[in-house]
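Let me begin by presenting the structure, written as C-alpha cells, before commenting on it.
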Amino acid sequence: MVRFVLSLCLAGLVTKASSQGSIDVIHYSFSIEVSDSSDRVKGHAVITAQLPENSTSFYLQLRSRNETGRGMIVQAVQLEGKPIAFTHARDSILITLPFPSKINDTLHFSVDYEGVPEDGLIIARNKFGDRTFFADNWPDRAHHWIPCIDRPIDKASFEFIVTAPAKYSVVSNGTRVQQTDLPGNRKMTHWVESIPLSTKIMVIGIARFAIKTFPDSPAGTPVSAWSYPQDSSRTFQNFSASTSILRFLSNYIGPYPYEKLANVQSKTIFGGMENASAIFYDENLSAATESIEGLLSHEIVHQWFGDMASEKSFAHLWLSEGFATYLTHVYMESKYGAARMKQEMSEDRISVIEFSKTSPQPVVDSISPFRRLLNPNSYQKGGWVLHMLRRQLGDTVFHRIIRRYYATFAGRNADTRDFQVVCEQESGKKLDVFFRQWLYTRGQPRLSVQWTYDEKKRKIQLNISQLQPSVFEFPLDIEIRFRTGRSRVETVQVTGMNQTLSIPSNQRPLKIVLDPRVSLLFEEEAR
Ligand SMILES: [Zn+2]
C-alpha cells in the first residue's frame, strides 16, 4: 500500500497463530448482510479446510465483542451441517472436533456471527456525507469482520455474497457472478475469486458508485473505475492512466493474473491499498487535481508482488513494498526517461539515510510491530536493493530475475532467501555478501574520500574510508572532471574500511564526483 494516514487503529491487536492444528484453509464463502438502519453486520462463513492428522481442535481468528459493544458474537459453529462445540474468547474461536481428523481430511465448517465491526470493515460517511462500507484488512485486520486465518501465508480462494440496500453497488475481488434484487428494497451481489489470496487483500466495497469501464483494456483484462458519483469526472480521468500502466507491467513482469482490474475510490486508511483486482484508493487522492500516476503504478505493481507472489511473513515486507516502490520508478523511467530514475533514487536515498539515523533495524525485520514496518526500510531501501542489483548485474539479468522470481512464486509465498536463490541462479554469482549487508545489516556506507594528484607519476591518489561500524563491499563509480570540460568515470571495487588506490591521469582533475549515475546507497561525509 501507499502510506498515508499513519494513525492505524492497531493498538491491542495480536496475531494469533492457530496453535492447535495449524489448519490450511482451501476456500472461504462469506455471506455478509449490511443495512442502513445500524452498523450491525450479519455474517455466515463456510470454511473449507484441511487439518493435520489427529487434530482434535483448531483456532479461527475473529474479533471478540469488547466493552464498547464493538466486535463479533458467534452464534453457531457447524461441521458438515451439524452443530459442534466451540468457545469464542480473546479474538479466537476454538473449535473442538467430535473426532480426531484423519490424514488429508477436507472439512467444511460454518460460522454464524454478528456484530458491529470495530475495524477491518469501515462503515462511515464519505467526504460527501454518503454512507459507505469498505473493507480495509492490512495487515491482519480481516478478522475484525470475517472469521479466518489472518496471516499472509494461508492463501485461499473465496467468495463474497453480499446483501445490502438496493441503492448501493458492491465491488470485490474476482468476478461478479450474480446480482439479484431482493424483497425489502435490498440486493444480493455475489463475487467469486478463484485465485487463492491472503486475507490482507480480500475486500468488499459497498457504496453509491458511478462505474466506468475503460475502452483500451490491455490483453482482455477489463479495467474499470468505481467513483463516488459526485467525483466521477475527476476520478475517471485520474484512474484512466491505469490501462497504460497495466500494459507496461504485464509486458515487463508477466501476464496480469486476475480476472479484472477495478480502481475504487474508498475510505481506506492508506493512500492506496492493493487489494487484488479491486484496488482501493483514498477518497481524496482518487479525485486529486495533481497526477496520481505514481500511486496507481505502485498499487498495480502490487498485483504481481505482494498479492500474487507474497511475503511469507511481514518480516519480509520489502518483497512487497520495495518491489512496488522500485518497479514504479522503472515504469516512470520507461515513460519519462533515465533522468527521472536518478531523481527518484536520489530522493529515496535521502529518506533511507534519514530513517537509518532513528532505526536500529535492518530491512528484514522480525522485531518491529507490523505497522512500524510501513517505513523507508521496507519501501525506499527495499527499492534501493533492487536498484543496486540492477546496476551491478545489468539490466538484462535484472529483468530476468524479476520475471523468474514472479513466475516461480506466483500464487505462493516467498522470503528473502527465496529471492536470493533466484538472483544467484539468474546471475550465476554468489550474493551472500550483497544480501547480508543490504538486507540483514542496518545502515549503509558512510564514505570519506580524499584525493591528491601526483604530477610526476601522472596519477590520482584516492583514499576511501568507510566510517560506519561494519564494513560494506561494493563497486563505486568515480567521475573525474577536468578543466577542459571533459570527464570520465572509473569504477573501483571497495572492500575494506580504508583503501588507497591510484588512477592514471595525464591531467590534474578539477573535481572528483562520487556515484554520478546514482547507483549506490551511501552517505558522503562532507569534505
Ligand atoms: Zn505498497
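Please treat every number below as a calculation from the coordinates, not as lab data. The shown structure was predicted, so the numbers you read here are calculated from the model rather than taken from an experiment. Cβ coordinates were reconstructed from backbone atoms using ideal geometry, including for glycine residues, and neighbour counts include every protein chain displayed.
Give me the number: length gained by fully extending Gln237 to His108, i.e. 0.36 nm times residue separation minus the C-alpha to C-alpha distance, one decimal in nm. Don't skip to the answer; put the middle values down first.
Numbers: separation 129, 0.36 × 129 = 46.44 nm, distance 4.48 nm.
Computed gain between Gln237 and His108 is 42.0 nm.
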Value of D in µm² per second that Stokes-Einstein yields for segment 475-517, Kirkwood Rh from Cα pairs, at 4 °C (1.567 mPa s): 116 µm²/s
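Strictly over 18 Å apart at the Cα level, which of Lys267/Lys381; Lys102/Lys200; Lys187/Lys267; Lys167/Lys187 would you flag in this model? Could you put the intermediate results ahead of the total?
Numbers: Lys267/Lys381 28 Å; Lys102/Lys200 30 Å; Lys187/Lys267 22 Å; Lys167/Lys187 8 Å.
Result: Lys267/Lys381; Lys102/Lys200; Lys187/Lys267 exceed 18 Å.
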Spatially proximal aspartates and glutamates relative to Lys312 (Cα-Cα < 15 Å; intrachain offsets below 8 disregarded): Asp24, Asp140, Asp150, Asp154, Glu321, Asp365, Asp415, Asp418
Paired Rg and Dmax values of segment 349-435, which use every Cα atom, in angstrom: 14.0, 37
Computed [θ] at 222 nm, helices only, for the chain once each DSSP H run of length n ≥ 4 contributes -39500 (n - 2.57): -7000 deg cm²/dmol
The chain: relative contact order in percent, alpha carbon pairs under 8 Å with at least 6 residues between: 10 percent
Those GluC sites (Glu not before Pro) in segment 66-164 that DSSP places in a loop and that have at most 12 other beta carbons within 10 Å: Glu67, Glu80
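Given 37 °C and 0.692 mPa s, how large is the Stokes-Einstein diffusion coefficient of the chain in µm²/s, with Rh as the Kirkwood radius over Cα pairs? Mind showing how you got there, number by number?
Details: Rh = 25.1 Å.
Calculated translational D: 131 µm²/s.
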Electrostatic dipole magnitude of the chain [Cβ: Lys, Arg +1; Asp, Glu -1; Cα centre; debye, to 20]: 1480 debye
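Within the chain, what's the longest stretch lacking chymotrypsin sites (Phe, Trp or Tyr not before Pro) that sit in DSSP loops with no more than 13 other Cβ atoms inside 10 Å?
Details: sites that count: Phe128, Tyr440.
Of all site-free stretches, the longest is 129-439.
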Normalised contact order of segment 295-371, rounded percent, pairs of Cα under 8 Å and 6 or more residues apart: 33 percent
Positive-end extreme of charge dipole, the chain - chosen from His329, Ser172, Phe128 (charges on Cβ): His329
Charge dipole (the chain, unit charges on Cβ, about Cα centre) - positive-most of Val363, Val41, Val449: Val449
Taking Leu319, Leu249, Leu97 and counting other C-beta atoms within 10 Å, the order from fewest to most: Leu97, Leu249, Leu319
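Find the relative contact order for segment 59-98 and round it to a whole percent, using C-alpha pairs within less than 8 Å whose residues are 6+ positions apart. Provide the component values of the computation, followed by the final result.
Working: 55 pairs, mean separation 17.7, N = 40.
Dividing the mean separation by the residue count of segment 59-98 yields 44 percent.
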Dimensionless Rg/Rh of segment 13-127 - Kirkwood Rh, Rg from C-alpha atoms: 1.00
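Might you report the magnitude of the Cβ-based charge dipole of segment 291-362 about its Cα centre, with Lys and Arg at +1 and Asp and Glu at -1, to the nearest 20 debye?
On the way: 6 positive and 10 negative charges, 41 e Å.
The calculated dipole for segment 291-362 is roughly 200 debye.
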